[in-house]
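Enquirer: Before I ask anything, here is the structure I am working with.
Nothing in this text is a laboratory measurement; each read-out follows from the coordinates by a stated rule. Please read these numbers as outputs of a predicted model, since none were measured by experiment. With ideal geometry, Cβ positions are generated from the backbone for all residues, glycine too; neighbour counts draw on all protein chains shown.
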Amino acid sequence: MNTAKSYTATRNACKMCTPLGAALVFHGIEGAIPLLHGSQGCSTYMRRYLISHFKEPVDIASSNFSEETAIFGGGANLKLAIENIIRQYSPGMIGIATTCLSETIGDDVPMILSGMDQGEGRTDLVHVSTPSYTGTHMDGFHHAVRAVTAYCNPLGSRIRHKPKPRKRINLFPGMLSNEDLRHLKEIFEDLDTKLILLPDYSERLEGPSWVEYHAIQKGGTPIRDIRDMSLSDASMELGALLAGLSQKGEKTAGTILKERFDIPLVSPGIPIGVKATDSFFSALEEITLKPVPEKYKRQRGRLIDAYVDGNKYVSKKKAVVYGEEDFVTAMAGFLAEIGIIPVLCASGGRSGLLKQALTQILPQNIRDQVHVHQGMDFTQMEEAAKKLSPDFAIGNSKGYTLSRNLKIPLVRTGFPIHDRVGGARILHIGYRGTQQLFDTIVNTLLGNRQDISTVGYAYM
Amino acid sequence: MKMKPISILEDRKNQVFTKGDDEFDISCGKKSLAGSVSQRACVFCGSRVVLYPITDALHLVHGPIGCASYTWDIRGALSSGPELHRMSFSTDLSGTDIIYGGEKKLEKALFELIDIYRPKAAFVYCTCIVGIIGDDVAAVCKKVEAKAGIPVLPVHSEGFKGTKKDGYKAACDALFSLIDRSREEIPEKIPLSINILGEFNIGGETWIIREYYKRMGIEVVSVMTGDSRVEDFSSSHRACLNVVQCSGSLTCLAQKMEKEYGIPFIRVSYFGIEDTSKALYDVASFFPDRPDIMEKTALLVREEVAAILPELYEIKADLKGKRAAIYVGGAFKAFSLIKALKHLGMEVVLVGSQTGNKEDYALLKDMCNPGTVILDDANPLELAKYVLEKDAHLFIGGVKEKPIAYKLGLGFCDHNHERKIPLAGFEGMKNFAREIHETVSSPVWDLVPRKCFVDVLK
C-alpha cells in the first residue's frame, strides 16, 4: 500500500460517521424510523446531510441527551423517546443507533430495551451499535443491515415450509442509489423471482408529492419479508470488500443467515462494468435457475458497441476514484475495463482490504500505475493527485473542491451529491447503468476538450 | 381524500399556540423533547455558526469525524481574502483515543495544522465525547499557544451541554477572549465608529451593510463575524457602539463588551425595508452631534428605497393575499420576515422559531393576525399539520424545512445560513421578493396532487 505523508488531523474527510449509514438503512424498511441515542445535533446534522442528497424529508429522531443524561445514563431518555415516537409516528420498527456519546458512557441499550414492555404486534425495537469513533458510515450501514436481519430471523425461527414453485432471494445491495435499487427490482421481476431487498429506500426517499402529510413515507422493505429471509433459497451480498470481511470472519447479514439457516450466500462485487455485471448475472442464474432475459443481453450488446465507438476518447486517460471502498473497487474495475487508468484510488474507510480487492479486479499491466490509499482525506488526495496529472475525478460531490483546484472535470456518482439535483437518480449498476456512466464519462472528457480548445469544433 | 389528523405530543402542547384561541403562555427555552424530531441542532452547531466566518483562523473540531464532516463548507459566509474557514479539520478520534484520551492527538494536530496553514488564531471545538473522556482541552490550547505564538482558544461546545443557545454563549466566550487578548493598548474611541455583531456575510450581506455605513460616514471597526480577520479584533474595544443583529447569538458578547469596555449596544435587523432603514437611522441617531450623518442616512434610505420600490410593487401585485409560513432559528429574524412579507402583501399564517424566548413570542403574537399559529421548537409533523391546515402558499425556513414544503406542494424560500443569495439590506429585500415571487408563481404548483385532485392517469 502506498502511504501518503500522514497528518494527525483529518482535513476534509472522505467519510461520514457510523450512525449516518444506520439511519439510512432504517429509511429503507417499511414503517421504520431511526432513532439516534445521543445529542440532538447528531440527528439534525445527519438529517440535513441526507435531505440535501435525496431532496426528501428524512426524519431521524433523537433521544436528546442533556448534561444529566450524560452523567446518569440515557435509559430514561431512550424510553421516553421510544414512547414519543410510537405516539407520533406509529412505526412498525424503531431502529436505535447509538452515537459516540451513548457508547462511551456505556449505556446498555439491549438491557434498556429488554425492560420495555413489547407485547405481540408492537413496534419492533432494533438496536445497532454505531459508535462514531469506529469505522465509517459504510460500517454503520452494514451493521444496521446485519442487526435487522439478525433481529427478524432469530435462531430456531425457521418454520418448515412447502417447496415453493417460485425461488426467493435475499439481496443485500449495500449503499446504492435509488435508481440502482429500482433497477435491481426490475431485474428480479424480469426473472420472475421473489426478491427481498434490504434496505430499499428507493420509494421512501424518492416518492411523489403528497396530498397529506406522511409521518413515514410509503415504501421500504416490508418487515414481514425480512422475517421471511430465513425461508429464502439464497442470499446475495454486493461488494467485494463486504465479501472480504465475511471471509475474514466478520459477520454480515448474509453470513448470519448462512450460519443460522444454512442459506447459501453468493457475494459478487457491485455490478459496474461489463465483466462485473456478467459475474452478477451468472451468479443470479446460478441461484435463481433462470436464464438471463433477452432484454439484458441486448443491453450488454449495446454497451459493448458503445465501448467500441468511444474507445479512443477514454483509452489511457487517468482518473481519480474515491468514496466508499466497495464503490471505489467496482468503479476502478469498470474504468480499467474501458482503458482508463484509475491512477488514484482512495477512500476514507480503513478496512485493510481495499488494496487486495483492487489487486483482484485490476489487470496486471496497469496495477503499478494505480496508487491505492485507505484512510485518506480529500486534502491528502488532492496533494497525491497533483503529482499524477489525472484527466478527471469520479465520485461524490464532496470531491468538487479537489476537481476545482486541480482544474479537472468531476463526474458525479455515489453519495452524497449535494450540489446537483437528481443524485439519487443516477444509475450506476448493470449494463444499463454502466452505459450511462460510460456516456457521461466520454461526454465529460469531450466537453472538457471542447471547452478548453482555442478552436472549439462543433463536431467530434 | 380524508386527512388523518396529526397529533401534537402532550408534552409539546404548551409550545404550540394559535393567536386568539387560548390564553397566551407559550413555553419556550426548553430542551427538545426526546423522540420528537426537533429541527434544532446542538451546542456545537451554535458555536460553529458564530465563529465560522473568521476566515483566517483555524477551526479544529475535536472529536470523531461526523461533526466535522457534516459542517464542511455548508455555509454561504463569503470571504474577501483567506478561505481557511471553509476547510473541515477534525482530530477524527478513534477507539484508542477514546480509551487513552485525545489530548496528545489534539496537540500534535494543532502543531501540524498551524505549521501548514499559518492561521492567525485557532479555535478548538469540543464535541460530546470530549466532555465525557475528560480531555483537558484548555490546557492543550494553552501549551500550543505558548509555543506557536498565536491565540489558541478552546470552545466548550459539547453537544449535549444545553441547546444551540449555549453554543452561542460558548462561542461568545471564546470570541471575547480573542478580542481581549488581541486588544491594542489604545483606549481612545475611534470617532463615529461601530462594531457589527451577528452579521455573518451570507452571500456577501456584510459587504452590503458595510457600504451603507460607509456612505453614512460611519466607520466599521470589526464585524463579529462576517468576512472577519483575527487582526480586526485588535481595535474592537475602541468602537463607540455595538450594533447587534441576530440578537440570540451575539447579545451575550455585546453585554460583555459593554461591561468591560463600556461600549453600549443596540439591536437591529437588516432584513426588509422597514428594519434596515430603522437600523441605519438608529445608528445615525447615536451620534446626535453630527446631524450630517442623519442627513446622509435619510438620503441613502430614500435612494435605496426608490431604487427597489417599482419592482416590489410589481411583485406585490402577484403575491397579494398569498399565505406564508415562517420557521426560523432565531425569533428576531421572524419579526423582520413578518414585516417584509406584509410589505409584499402576503399574510403570515404560521410563525415559529427554534430558540425564541417569552418576550420574543409575546412580540410575535402582537405582530400577527388572529388565527396565526405560533410554534416553539417545532417538529416536521407539526409544521406539516399547520401548513396544510392554513393552506399556505410559501414556506420560509432552512434546509430541513425545504422537503416538507416541497412534498406538500408549496413554494419555499431558504432563509438559513446555507443560502448563497444576500437577503440583507435594500438590495437583499429585492432579492427576497424576487425569490419568493419566483417560487410562489411557479406553474408547477398547478400539477402537484394536493392542488390538482384529478389523477389524469387513472
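Enquirer: In square nanometres, what is one fourth of the surface area of the convex hull spanned by the alpha carbons of the range A:312-452?
Expert: Details: hull surface 32.3 nm².
Its average projected convex-hull area is 8.1 nm².
Enquirer: In the range A:334-362, whose amide N lies under 17 Å from the spot 7 Å out along Cα-to-Cβ of residue A:286? List them in ranges.
Expert: Of the residues in the range A:334-362, A:361 have backbone N under 17 Å from the label point off residue A:286.
Enquirer: How big is the antiparallel share of DSSP beta bridges in chain B, given as a percent to the nearest 5?
Expert: Values: 4 of 46 bridges.
Expressed as a percentage, antiparallel bridges in chain B total about 10.
Enquirer: Same structure, new question: Just going by the charge dipole of the range B:43-182, with Lys and Arg at +1 and Asp and Glu at -1 on Cβ, which of B:113, B:134, B:177 is farthest out on the positive end?
Expert: Result: B:177, furthest along the dipole toward the positive end.
Enquirer: Then there is this: Let me have the 222 nm mean residue ellipticity of chain B computed from DSSP H runs of 4+ only, each contributing -39500 (n - 2.57), with the sum over all residues rounded to the nearest 500. Walk me through the numbers on the way to the answer.
Expert: Working: 16 runs with 195 residues, N = 458.
Result for chain B, helices only: -13500 deg cm²/dmol.
Enquirer: Provide, as a two-decimal number, the C-alpha radius of gyration of the range B:43-182 over 2.2 N^0.38 Å, N being how many residues it has.
Expert: On the way: Rg = 13.7 Å, N = 140, 2.2 N^0.38 = 14.4 Å.
It is 0.95.
Enquirer: In the structure shown, do any of A:164/A:290; B:161/B:333; A:15/B:165; B:400/B:451; B:316/B:400 have a Cα-Cα gap over 21 Å, and if so which? Intermediate values should be presented prior to the final figure.
Expert: Numbers: A:164/A:290 15 Å; B:161/B:333 25 Å; A:15/B:165 29 Å; B:400/B:451 23 Å; B:316/B:400 28 Å.
Those over the limit are B:161/B:333; A:15/B:165; B:400/B:451; B:316/B:400.
Enquirer: Counting only Cα, what are the radius of gyration and maximum Cα-Cα distance Dmax of the range B:218-291, in Å?
Expert: Just the Cα atoms of the range B:218-291 yield Rg and Dmax of 12.5, 34 Å.
Enquirer: Moving on to the next point. Given the C-alpha centroids of the range B:384-405 and the range A:351-382, what is the distance between them in whole angstrom?
Expert: Distance between centres, Cα-based: 46 Å.
Enquirer: Can you tell me the orientation of helix A:75-89 relative to chain A, as the angle in degrees between its alpha-carbon axis and the longest Cα principal axis, to the nearest 10?
Expert: Approximately 80 degrees, to the nearest 10.
Enquirer: Over all residues in B:84-92, what is the mean tally of Cβ atoms on other chains that come within 10 Å of each residue's Cβ? Don't jump to the answer; show the numbers that get you there.
Expert: Numbers: counts 0, 0, 2, 6, 9, 8, 6, 3, 11.
For this peptide, the per-residue mean of nearby foreign Cβ atoms is 5.
Enquirer: Shielding by partners for B:397-407, please: the mean number of other protein chain Cβ atoms within 10 Å of each residue's Cβ. Don't skip to the end; give the middle numbers.
Expert: Numbers: counts 0, 1, 5, 8, 2, 6, 10, 6, 1, 5, 10.
Partner Cβ neighbours, averaged per residue: 5.
Enquirer: Could you let me know the centre-to-centre spacing of the range A:265-320 and the range B:174-205, using Cα atoms, in angstrom?
Expert: 61 Å
Enquirer: Shifting gears a bit: Given that compact globular proteins tend to follow 2.2 N^0.38 Å, what is the ratio of the alpha-carbon Rg of chain A to that value? All intermediate terms of the calculation are to be shown ahead of the outcome.
Expert: Numbers: Rg = 22.3 Å, N = 460, 2.2 N^0.38 = 22.6 Å.
Taking the Cα Rg and dividing by 2.2 N^0.38 Å, one obtains 0.99.
Enquirer: Jot down the per residue volume, in cubic angstrom and as a whole number, of the convex hull over the alpha-carbon atoms of the range A:18-135. Spell out each step's value before the answer.
Expert: On the way: hull volume 11.3 nm³, N = 118.
Each residue corresponds to 96 Å³ of Cα convex hull volume.
Enquirer: Let me know the shape class of chain B, please: from the alpha-carbon gyration tensor, a ≥ b ≥ c as square roots of the eigenvalues, rounded when a/c is under 1.5, otherwise prolate if a/b is greater than b/c, or oblate.
Expert: Working: a/c = 1.94, a/b = 1.25, b/c = 1.55.
Oblate shape, in that a/c is at least 1.5 and b/c is the bigger or equal ratio.
Enquirer: So, one more: Kyte-Doolittle mean at least -0.5 and Cα extent at least 24 Å along the axis: which DSSP H helices of chain B qualify? Could you put the intermediate results ahead of the total?
Expert: Numbers: long enough: B:164-182 (27 Å, -0.38); B:291-319 (40 Å, 0.28).
Counting only whole DSSP H runs, the qualifying helices are B:164-182, B:291-319.
Enquirer: Give the angle, between 0 and 90 degrees and rounded to the nearest 10, that separates the Cα long axis of helix A:294-314 from the longest principal axis of the Cα atoms of chain A.
Expert: 50 degrees
Enquirer: Please give the length that would be gained between residue B:298 and residue B:363 if that part of the chain were fully extended, namely 0.36 nm times their separation in residues minus their C-alpha to C-alpha distance (nm, one decimal). Spell out each step's value before the answer.
Expert: Working: separation 65, 0.36 × 65 = 23.40 nm, distance 2.75 nm.
Using 0.36 nm per residue and subtracting the Cα-Cα distance, I get 20.6 nm.
Enquirer: Tell me, what does the Kirkwood hydrodynamic radius of the protein assembly as shown come to in angstroms if you use every pair of distinct C-alpha atoms? Could the numbers behind the result be given before it?
Expert: Values: mean 1/r = 0.0344 Å⁻¹.
Hydrodynamic radius (Kirkwood, Cα only) of the protein assembly as shown equals 29.1 Å.
Enquirer: OK, next. When Lys and Arg each count +1 and Asp and Glu each count -1, what net charge do the other residues less than 11 Å away from residue A:245, Cβ to Cβ, add up to?
Expert: Values: positive: A:146, A:248, A:251; negative: A:139, A:237, A:250, A:325, A:326.
Net local charge, residue A:245 excluded: -2.
Enquirer: In debye to the nearest 20, how big a dipole does chain B give about its Cα centre with +1 on each Lys and Arg Cβ and -1 on each Asp and Glu Cβ? If you can, show how the numbers build up before the last one.
Expert: Details: 59 positive and 62 negative charges, 176 e Å.
Using only the charged Cβ atoms, the result is roughly 840 debye.
Enquirer: What is the distance in Å between the Cα centroid of the range B:254-330 and that of the range B:351-371?
Expert: 20 Å
Enquirer: Report, in degrees rounded to the nearest 10, the 0 to 90 angle that the Cα long axis of helix A:137-152 makes with the longest principal axis of chain A.
Expert: The angle comes out near 40 degrees.
Enquirer: Let me know the charge dipole size of the protein assembly as shown about its Cα centre in debye, to the nearest 20, where only the beta-carbon of Lys, Arg (+1) and Asp, Glu (-1) is charged. Don't jump to the answer; show the numbers that get you there.
Expert: On the way: 111 positive and 110 negative charges, 387 e Å.
Here the size comes out at about 1860 debye.
Enquirer: Follow-up question, since we're still on this one. Projecting each Cα onto the charge dipole of the range A:209-349 (Lys/Arg +1, Asp/Glu -1 at the beta carbon, about the Cα centre), which of A:220, A:308, A:276 comes out farthest on the positive side?
Expert: The one lying farthest along the dipole's positive direction is A:308.
Enquirer: Could you give the nm distance between label points at residue A:7 and residue B:147, where each point is 7 Å from its Cα heading toward the beta carbon?
Expert: Calculated label separation equals 1.8 nm.
Enquirer: Please name whichever of B:213, B:100, A:241 sits farthest to the positive end of the charge dipole of the protein assembly as shown, dipole taken about the Cα centre and charges placed at Cβ: Lys and Arg +1, Asp and Glu -1.
Expert: So the residue furthest toward the plus end is A:241.
Enquirer: Any lysines with Cα under 22 Å of the residue A:248 Cα? List them, leaving off those in the same chain fewer than 8 positions away.
Expert: Correct list for residue A:248: A:258, A:355.
Enquirer: Using a 10 Å cut-off on Cβ atoms, rank the peptides B:239-247, A:24-32, A:321-329 from the highest mean neighbour count down.
Expert: On the way: B:239-247: 23.3, A:24-32: 26.2, A:321-329: 29.3.
Most protected by this proxy first, the peptides run A:321-329, A:24-32, B:239-247.
Enquirer: Just need the Rg to Rh number for the range B:282-361, please, alpha carbons only, Kirkwood Rh.
Expert: Values: Rg = 16.6 Å, Rh = 15.0 Å.
Taking Rg over the Kirkwood Rh, I get 1.11.
Enquirer: With only Lys, Arg, Asp and Glu charged, each at its Cβ (+1 for the first two, -1 for the last two), find how big the charge dipole of the range A:1-109 is about the Cα centre; round to the nearest 20 debye. The partial results should precede the final answer.
Expert: Numbers: 8 positive and 9 negative charges, 117 e Å.
It works out to roughly 560 debye.
Enquirer: Looking only at other chains, what is the average number of their beta-carbon atoms within 10 angstrom of each beta-carbon in A:57-68? All intermediate terms of the calculation are to be shown ahead of the outcome.
Expert: Details: counts 12, 4, 7, 1, 6, 9, 2, 11, 8, 7, 7, 2.
Taking all residues of A:57-68 together, the mean is 6.
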